[in-house]
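As structure tokens, the structure follows; a few thoughts come after it.
Only the coordinates and a few stated rules stand behind these numbers; no lab work does. Predicted, not measured: the structure shown is a model, and the values here were computed from it. Here the Cβ positions follow ideal geometry from the backbone for every residue, glycine too, while neighbour counts run over all protein chains shown.
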Amino acid sequence: MFFLLPDAERFRRLALTGLLLLVLTVLALVPWDLPDRWLGRGTSALAAPLAGLAGLAVDAVAGRPEAVPLLVPPLELEVLERQLGTPEPVAGLRWLETPVLEADLAAGELHLAGGRRHGLAPGSPVVFGRLWLGRVAEAGEVSCRALLWTAADARTGVLLEDAEGRLAAVCVGRGRDAPPLVRWVETAGEPRPGMTVRWRRREADPPELASLDLELGVLRQEGDPRRRQERWVVEARLPLGAEGRVWVGAGALGPEPPPRLPLRRRTAEPLLRADAVLGPRLALVRSPGAGGALATPAGVAGPVVAGRGELHWIRHRAPLEWGEEALAVDPASGVLEPVSALDAQARMRAFLYTRGTAGVPRGLPLGPARAGPPLIRGPLELVSRAPFPEEDAR
Amino acid sequence: MKAPRLRVVLPVALLLTAAAPALRALPGGRWLPDPWLLLALWAVPPVPGAGLRRPILLIGLLGLLRSSVSAASPFAAWAGLGHALALRSWLGGWLVEQRFLARCLLGAVCALPLALLDQAAAARFGLALAWEEGLVRAGLLGILWALALAPAPLPVSPRPRGRAGRWADAPRAGGGA
């Protein structure tokens, strides 16, 4: 292209080509979906028949998938969360089950799908079962923000308890990366490792709330006491169920209870079971929906990783390959745990659900942990969470 | 080398696009070279002084076809194919394309930008595309390109008209029956 031209013309072409290639490379490398989606909207009419034709070729070479049995989950994740998280009733307070829109653990915040309209107000206690989580910090009309007790600089009055006695203290959160510190311990005694850290009520809280004995964690000592560098910290972890729903104490009920998170389900048609460049772990479906995950009769096949108009690329995964984006439930004991905590025996009986990350709704059944990737066959649906009012304003 | 006509390139491109996912899904298909890149190198020969219109049109078309059967972005396809043609144009002036090894090396180097962009796309989708996959694809493309697009032999210079030549060709003076 660049031979035997006058110098000025040659340099002009060189500069033009270089600039064009630079722009294209930047657009290819920057993880910005908008140009791809915008372009895909215009070209999906051409791409769909071609992808359908390629899909027929793949089926002819690799064989059509067999009929799959219907997956029946042992229980709904929502039901299990309700079993684990419903606190005991307290006189003068009504527990409102409130779904979590987003758990921002780095900031120590939960965004909840309930607000002033539902009776939630700043200062309302937020709990999960017998665990204290924090208080509502800010309440909008239909959503609110709860500050966890582990958030940086959040202060919570606590009681350190064991068989030998009880000491009052204050707990100071240090964010996700460090355990909360216990400070200003009552001088009546010495704290001991292993003491249970319980929530201590404020004067404005209903006295009956203290009768619940809400827990925060277990006391542990850090640092070297010989150098007088010891400090007391609380070993605690946000329960997995609390990423899905929490219970907020309300003194007065609103006109309606907090809503369930709405799901958007759109039918999908399989087009292609393999990607021509990146291999058979990506599949293409056509659906008027957008984002989310592809649900098949045998479980969720995978999340949508790229969308161009009506065409959606799915990353096809086995249940265990969801990793930290999945939750494991032992149907026998009803224990909810992360996939990374499963041992070989637990994997044999665990059933997995989506955790609710990266646009995939929480609680969709993935299938038994030992199962392979579900076949993309039968009635398919693209499932995503419908936008919630006030969510975009955050 | 003469450029193939568009009415030949287009059906071949469509056919390759329809067959590419099936080929990739075959056992060992992940090592196969990128068919659109091979097609681009074939359809846009390095003609000295040729305009940019045909390469841009073909790269645009091949990129769109590639992205219709792949989750990788069309921008990655356009950038990868464009870099390949630019590299071939630039390196072609330095390497003697008559040699098989040089052609092979040139083809492999041309395939590297697209392999790198595919790696980036795979990482974005959370897929583990091994580095050796990209390298093998590039290497195979180099070999295929070197085999399929062997250039015509260089023109042979006329025989020097020295004394020996004259003696050999010319009838001997005074010779004959």
Worksheet item: Residue separation times 0.36 nm, minus the C-alpha to C-alpha distance between A:Arg202 and A:Val335: what's the value?
Response: 44.6 nm
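Rounded to the nearest 0.05, what FRET efficiency is calculated for A:Leu14 and B:Val8 with R0 set to 35 Å and r the Cβ-Cβ distance?
Working from the Cβ atoms, E equals 0.75.
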Fill in: Phi to ³J(HN,Hα) by Karplus 6.51 cos²θ - 1.76 cosθ + 1.60 over region A:236-244, Hz, x for Gly, Pro
8, 8, 5, x, 4, x, 6, 7, x
Worksheet item: Given the options A:Gly307, A:Gly165, A:Gly249, which has the most mean-square fluctuation in a GNM of chain A, springs set between C-alpha atoms less than 10 angstrom apart?
Response: A:Gly165
Worksheet item: Amide H of A:Leu148: which non-local residues (sequence gap of 5 or more, or other chain) have their own amide H closer than 5 Å, using H built in the peptide plane?
Response: A:Glu109, A:Leu110
Worksheet item: Tell me, what is the FRET efficiency for A:Met348 and B:Ala128 to the nearest 0.05, using R0 = 22 angstrom and their Cβ-Cβ distance as r?
Response: 0.25
Fill in: Length-normalised contact order for region A:261-381 - Cα pairs under 8 Å, 6+ apart - percent
27
Discussion item. Using only the alpha-carbon atoms of the protein assembly as shown as identical scatterers, what base-10 log of I(q)/I(0) does the Debye formula give at q = 0.07 Å⁻¹?
Written reply: -0.59
Fill in: Compactness index (Cα Rg / 2.2 N^0.38 Å), region A:81-255
1.04
Worksheet entry | Whole-Å semi-axes of region B:6-152's equivalent ellipsoid (Cα gyration tensor) | 23, 18, 15
Worksheet, complete the sentence: Net charge near B:Gly63 (other residues with Cβ under 15 Å of its Cβ; Lys, Arg +1; Asp, Glu -1) is 0
Worksheet item: Comparing A:Leu263, A:Leu148, A:Leu22, which has the greatest mean-square fluctuation in the GNM of chain A with Cα pairs linked when under 10 Å apart?
Response: A:Leu22
Worksheet, complete the sentence: Mean separation of Cα contacts under 8 Å (at least 6 apart) over the residue count of chain A, i.e. the relative contact order in percent, is 17
Discussion item. Using each residue's phi in region A:13-19, evaluate 6.51 cos²θ - 1.76 cosθ + 1.60 at θ = phi - 60° and report the 3J(HN,Hα) Karplus result to the nearest Hz, with x for Gly and Pro.
Written reply: 5, 4, 5, 5, 5, x, 5
Fill in: Cβ-based net charge around B:Pro33, under 12 Å, with every Lys or Arg adding one and every Asp or Glu removing one
0
Practice prompt. Mind listing the long-range amide H neighbours of A:Arg174? Cut-off is under 5 Å, sequence gap 5 or more, other chains count too, H placed in the peptide plane at 1.01 Å from N.
Written response: A:Asp153, A:Leu181
Worksheet item: Per residue of chain A, what 222 nm ellipticity follows from adding -39500 (n - 2.57) for every DSSP H run with n ≥ 4, rounded to the nearest 500?
Response: -6000 deg cm²/dmol
Discussion item. At 0.36 nm per residue, and after removing the present C-alpha to C-alpha distance, how many nm does the segment from A:Asp33 to A:Ala106 gain when stretched out fully?
Written reply: 23.8 nm
Response to the item:
Sorted by chain and then number, the residues having a modelled amide H within less than 5 Å of the amide H of A:Gly299, at least 5 places away or on another chain, are A:Leu71
Discussion item. Mean-square fluctuation check for chain A, GNM, Cα pairs under 10 Å: which of A:Leu112, A:Leu366, A:Leu253 is largest?
Written reply: A:Leu253
Worksheet item: Can you list the trypsin sites (Lys or Arg not before Pro) in region B:1-77 that are in a DSSP coil and have 11 or fewer other beta carbons within 10 angstrom?
Response: B:Lys2, B:Arg5
Worksheet item: Per-residue HN-Hα couplings for region A:341-347, Karplus 6.51 cos²θ - 1.76 cosθ + 1.60 at θ = phi - 60°, whole Hz, x for Gly and Pro?
Response: 8, 6, 8, 4, 5, 5, 5
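For region B:6-152, what relative contact order do you get, as a whole percent, if you take Cα pairs closer than 8 Å and at least 6 residues apart? Working shown, then result.
Numbers: 160 pairs, mean separation 37.0, N = 147.
Over region B:6-152, the number comes to 25 percent.
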Discussion item. Just want the ordering: A:Phe351, A:Phe11, from fewest to most Cβ atoms lying within 10 Å of their own Cβ.
Written reply: A:Phe11, A:Phe351
